[in-house]
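The values are calculated or read from the model by the stated rules, or taken from the named source; none is laboratory data. Because the structure is predicted, anything quoted here is derived from the model rather than measured. So basically every Cβ, Gly included, is an ideal-geometry build from the backbone, and we count neighbours across all protein chains shown. Each accessible area value is taken on the protein alone, full model and side chains, heavy atoms only, with ligands, DNA and RNA left out. Shrake-Rupley method; radii C 1.70, N 1.55, O 1.52, S 1.80 Å.
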Amino acid sequence: MNRMLACVLVLLCSAGMASGQASDGGNVWNTLAAPAMDPTKYAVTENVDIVRDRVRINLVTGSIQFAKPANGLVFAAVFHGDGRVLVDPPNPTEAQQLKLFTRQDKLIAAFTEATFTFSDGLLEDVEKQVKWKDGPGGDELYAKRQQEREDVGGEYLPRIFKSVISPDRKRTAYFLADLKIKDRGWIQVRDDAMQPEEIRVGKWTDVGPFKLEDYWMIFPAGGRDPRHVYDDPAERQDFLLPSYKINAYVTDGAELGATANVTVNPRYSGERVLLFELDSNLRLRSVKDDKGRDLEYHQARERKENSQSYGNYVAVVLNDPTQAGQPQVLSFVYQGKHVVYRVGNGNYFCKSFGWYPSAFASELGVDEFAFRSHFELNFRSPKKYILVATGQKVGETTDGKESVTTWKSEIPLAAAGFAFGDYKVVTDKVGDVEIRVYANNQPDDLLSSIQRGFNNPLDELAAGPGGSHATSTAAIGNLTPSALGKTINIEAGNTLRVFQGYFGPYPYKQLAITNIIGSYGQGWPGLLYLGWFTFLDSTQRNALGIRNQTQLTDFFRGHESSHQWWGHRVGWKSYHDQWLSEGFAEFSGLLYVQYRENMKESLTQWRLDKEHLNEPDLNNHKTETLGPIWMGLRIRSSVTNPGSYQNLIYSKGGFVLQMIRMQMMDSRNPDPEHIFKETMQDYCKTYDNKPASTEDFKAIVEKHMTRIMDLDGNHKMDWFFNQYVYGTERPQYTFHATVTATPDGKSNVSGTLQRTGVSENWKDVVPMYVHIGDKVVRLGAITATHDTETLTFVIPQKIDKLTINDYQDLIADVK
Ligand SMILES: [Zn+2]
């Protein structure tokens, strides 16, 4: 996978850009940020049409002026006057989203000002419809809007830079219309040929102190099927990143610095601009190519602490254009604070994202976890602490006050991370998997402040949650995670045992677990970060008044450790498929509760998850009507509650898997779950260390589905996925059944199952259960294809009652 480029690149040097002549990129960059308007490209507009796929922009009356070119390309224009934008949603899903944000069925809006950013021939489109006149110089609208877009974190500048420098303006074509809509402010309509879903309509909105982009519509151009445009996530990627060799250091002052040698495998020839992401708190010192030459780069502005991000992009300008399939190594040197945080004596929090350069992915689209890279990580860290990273530790030495460790991935990974601190390490084994718990010897700042509160009731913090905990000072003990290292080790081992039984082998040779501040959790391949709550014992949790213990302990640990399967063993292709990670992890957390505690406890949790879906969202919307779980992160917007994304993608997503599990239950087999386990293990094997999409998962379910699940008689699960994954409806069921004992010892059953709240052609498989004394036995299922289903049948033995939904078989509300 290494480089083989010397001769090729020498040849290419003669193609025009002499090495060292890198400053042309800098001029282009500056021109793109603040273009000068061209007085010879000014026109009065009358009914000028700009059409991009289903977007129609009409410049009714007013004036348009184009900018002077950058790198030979005219890329910008401004409009003042009376304009209209019209976008007709391509499908009911996008129509539903548009309506949520605008209350319109079609987007129809008038605008008074506009800027256009493009590399797709807009000048030629407009030229045919206008006559040039002499125009004014000095229109500042474009530069002003560019600055405003950058201030909210819109990463448009690197994207147009990419196109303007690219030799392939068709593959990299870009169009952005920034339109000032009457009463609503600026909205953005874009058509990006490098995105599988080219068309996007969105608006930056205030959410608290920050700006967030609302997505009114995102869809593929040309009427392509949005469920399949991400089938090959690499299809429109500019390059892949097969391997990293990172030499990094961390200090006890929480600074991180690194030289990241990144192997870039270009998919196209002739490209000179490559776009990356790196946390903008890390400031680049240099970017070099593999001849050691300094390359020009443009990095997003540094963010002030706790303030709006200006983006995390890095645009690198190569001296020599790329050769498709010829990897080269770029070397990034950077350092900074606020990527590692000191959160107590010997306690550090290391941000898991953004500490090394990854492919530019500023927009919802292909997910970063769709790709895998080899990682070799070399860390220098304070000798008094222990550092743990993803991969296998293959080297360890000391150098003065520093320890130097080397970590190598055994298989390509979706991400790499690390943690360090004053740890106590406890090691154990589950089969061949080594489990190591790295628990801090001293409490972090949050634990310390709580401890102080308990030790001194007069301290303001003693009046903390509930205010009455001061009496339990004796019970709290010492809040150090290390006291629980052994327990956590055993518990983590238990999660692996349950999940290996259901989903197949754990993908790595080791699992390291560290505690981090707060109630946050994150799973990296072979490395789990778990909030400190999970490290407290039950007495301490009681003393702190933490009531919902399962949520913070067994469930939480199960959820996080299952990400080793959901996210790492099997990745996901695009934002549409994130429920395959979070929903499946939610399911796994509750599955673990069932085994670790009991069925009753897990059913209680399932019921609570369902109740969350019934909580009204902002504007009195029912949560499930905010959008299908397939919308993924688009659910998080200015018109929804912060928790609604989680309720849908996590809880409803988990319920989808639970429903499949209950449909597949085979009560005649010694292992009634064997079909479900075979399905999940086949899914993990088929997509082992690869990404999957919703449609990929559906195909696996169809391979294993039982006869009773085949409600359309075509061996497809469309009915189920259309309703629960791609749809926004959720039924309510009322079930009544009477059982009459016959003189010859049988039972006559008659009953009705009634459904409301969903459209006409709704279908469900509704498992039934008979109760005989305190025994509950599954008795087939009702195929509920009508709003009312009538049941009459005879059971050849005496039963007490017939019920449905005993095991939270349905996400429906059941009465
Ligand atoms: Zn999760």
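At a glance:
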read-out: Residue match in the range 568-578 (condition: within 16 Å of the ligand (Cβ to nearest atom), modelled with pLDDT of 95 or more and part of a helix (DSSP H, G or I)); value: yes
read-out: Residue 316 vs. criteria open to solvent by less than 30 Å² (accessible area, probe 1.4 Å), within 22 Å of residue 146 (Cα to Cα) and either in contact (Cβ under 8 Å) with a residue 12 or more places away in the chain or of a type in the set (Asp, Glu) (or both); value: yes
read-out: Leading residue by the ranking (modelled with the lowest pLDDT) among those in the range 125-137 that are acidic (Asp, Glu) and farther than 25 Å from residue 187 by Cβ; value: 134
read-out: Selected residue (only one of 600, 652 is over 15 Å from the mean Cα position of the chain (by Cα), away from the ligand (no atom under 16 Å from the Cβ) and either open to solvent by less than 20 Å² (accessible area, probe 1.4 Å) or without any contact (Cβ under 8 Å) to a residue 12 or more places away in the chain (or both)); value: 600
read-out: Filter result (open to solvent by less than 20 Å² (accessible area, probe 1.4 Å), touching a helix residue (DSSP H, G or I) at 6+ places or on another chain (Cβ under 8 Å) and assigned to a helix (DSSP H, G or I)) within the range 63-113; value: 97
read-out: Qualifying positions in the range 615-632 - over 17 Å from residue 725 (Cα atoms) and either assigned to a helix (DSSP H, G or I) or within 16 Å of the ligand (Cβ to nearest atom) (or both); value: 618, 619, 620
read-out: Some residue of the range 706-716 being open to solvent by less than 40 Å² (accessible area, probe 1.4 Å), in contact with a strand residue (DSSP E or B) (Cβ under 8 Å, 6 or more places away or on another chain) and more than 25 Å from residue 574 (Cβ to Cβ); value: yes
read-out: Test: residue in the range 152-161 that is of a type in the set (Gly, Ala, Ser) and in a helix (DSSP H, G or I); value: no
read-out: Residue in the range 389-410 that is surrounded by 17 or more Cβ atoms within 10 Å (Cβ to Cβ) and within 29 Å of residue 303 (Cα to Cα) present; value: yes
read-out: Qualifying residues in the range 512-525 (those that are more than 16 Å from the ligand (Cβ to nearest atom) and not β-branched (Val, Ile, Thr)) - the one surrounded by the most Cβ atoms within 10 Å (Cβ to Cβ); value: 515
read-out: Subset tally (residues that are closer than 26 Å to residue 727 by Cβ and in contact with a Lys or Arg (Cβ under 9 Å, 6 or more places away or on another chain)) for the range 587-601; value: 3
read-out: Condition check for residue 338: out of contact with any Cys (no Cβ under 7 Å at 6 or more places or on another chain) and buried (at least 19 other Cβ atoms within 10 Å of the Cβ); value: no
read-out: Every pair of residues 6+ apart whose Cβ atoms lie under 7 Å, when the first sits in the range 227-238 and is of a type in the set (Phe, Trp, Tyr) while the second is in a loop (DSSP other than H, G, I, E, B); value: 230/196; 230/573; 230/693
read-out: Flag if residue 647 is within 16 Å of the ligand (Cβ to nearest atom) and of a type outside the set (A, V, I, L, M, F, W, C); value: yes
read-out: Residue in the range 664-687 that is part of a helix (DSSP H, G or I), open to solvent by less than 10 Å² (accessible area, probe 1.4 Å) and within 16 Å of the ligand (Cβ to nearest atom) present; value: no
read-out: Residue check for residue 761: part of a loop (DSSP other than H, G, I, E, B) and of a type outside the set (Lys, Arg); value: yes
read-out: Matching option when the condition is touching a helix residue (DSSP H, G or I) at 6+ places or on another chain (Cβ under 7 Å), in contact (Cβ under 8 Å) with a residue 24 or more places away in the chain and buried (at least 21 other Cβ atoms within 10 Å of the Cβ), among 262, 273; value: 273
read-out: Enumeration of residues in the range 735-761 that are under 38 Å from the mean Cα position of the chain (by Cα), surrounded by 12 or more Cβ atoms within 10 Å (Cβ to Cβ) and of a type in the set (D, E, K, R); value: 755
read-out: Answer residue from the range 131-146, given it is touching a residue at least 60 places away in the same chain (Cβ under 8 Å) and in a helix (DSSP H, G or I) and is surrounded by the most Cβ atoms within 10 Å (Cβ to Cβ) among those; value: 142
read-out: Every residue from the range 159-202 that is among the polar types (S, T, N, Q), touching a helix residue (DSSP H, G or I) at 6+ places or on another chain (Cβ under 9 Å) and surrounded by fewer than 23 Cβ atoms within 10 Å (Cβ to Cβ); value: 188
read-out: Selection from the range 781-812 of residues that are open to solvent by 40 Å² or more (accessible area, probe 1.4 Å) and part of a strand (DSSP E or B); value: 783, 788, 790, 792, 793, 794, 801
read-out: Residue match in the range 726-734 (condition: without any contact (Cβ under 8 Å) to a residue 60 or more places away in the chain and out of contact with any Leu (no Cβ under 8 Å at 6 or more places or on another chain)); value: no
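For (1) among the acidic types (Asp, Glu); (2) in contact with a helix residue (DSSP H, G or I) (Cβ under 7 Å, 6 or more places away or on another chain); (3) more than 14 Å from residue 247 (Cα to Cα), each residue gets a yes or a no:
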residue	(1), (2), (3)
367	yes, yes, yes
373	no, no, yes
408	no, no, no
413	no, no, yes
420	no, no, yes
427	no, no, yes
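Conditions tested, residue by residue: (1) assigned to a helix (DSSP H, G or I); (2) aromatic (Phe, Trp, Tyr); (3) within 14 Å of the ligand (Cβ to nearest atom); (4) free of Cβ contacts under 8 Å to residues at least 40 places away in the same chain.
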residue	(1), (2), (3), (4)
542	yes, no, no, no
546	no, no, no, yes
580	yes, no, yes, no
585	yes, no, yes, no
593	yes, no, no, no
613	yes, no, no, no
634	yes, no, no, no
640	no, no, no, yes
643	yes, no, no, yes
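This table checks each residue for (1) within 16 Å of the ligand (Cβ to nearest atom); (2) in a strand (DSSP E or B); (3) in contact with a helix residue (DSSP H, G or I) (Cβ under 7 Å, 6 or more places away or on another chain); (4) modelled with pLDDT of 75 or more.
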residue: 448; (1), (2), (3), (4): no, no, no, yes
residue: 475; (1), (2), (3), (4): no, no, yes, no
residue: 482; (1), (2), (3), (4): no, no, no, yes
residue: 485; (1), (2), (3), (4): no, no, no, yes
residue: 488; (1), (2), (3), (4): no, no, yes, yes
residue: 494; (1), (2), (3), (4): no, no, yes, yes
residue: 507; (1), (2), (3), (4): no, no, no, yes
residue: 529; (1), (2), (3), (4): yes, yes, no, yes
residue: 539; (1), (2), (3), (4): no, no, yes, yes
